Amino acid sequence: MNEILQANIFFFITAVSVVLLTIVLVILLWYVLGIAKNVRKISRRVQEEVDMVADDLDAARANIKDEGKKILSVWKVLANFFSKPEEQPKRKSTAKKKTTK
């Protein structure tokens with residue numbers, strides 16, 4: 001009878017520990033799922049922000065290209081204004097000279 005009592009006590013302790021371990025694991029899993037939801041929300045938010053930054057960079061790149069073209073054209077105008085005029089070949093006069101009598 002002593003061996004049966006020891007076996008019953010062992011199985012009782014094992015059953016209680018399995019139930020407690022299961023409860024602890026369920027609680028732990030509950031918190032892990034909550035953390036996973038928060039991580040998903042954060043990652044969505046980060047993705048949205050990254051998309052907005054990419055759009056802003058595209059707009060900035062286009063703006064820089066446009067402004068660069070404007071600056072280049074202003075530079076060319078100023079360079080032409082302050083540079084020496086190119087000598088143009090002299091043309092022969094096609095008009096007839098009036099003769100005085």
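For segment 61-101, a residue qualifies if it is modelled with pLDDT of 65 or more and among the basic types (K, R), and the qualifying residues are R61, K65, K69, K70, K76, K84, K90, R91, K92. When S17, S43 are checked against the criterion of being assigned to a helix (DSSP H, G or I), modelled with pLDDT of 95 or more, over 45 Å from the mean Cα position of the chain (by Cα) and not β-branched (V, I, T), S17 stands alone in meeting it.
The values are calculated or read from the model by the stated rules, or taken from the named source; none is laboratory data. As the structure is a computational prediction, the values presented were derived from the model and not from experiment.
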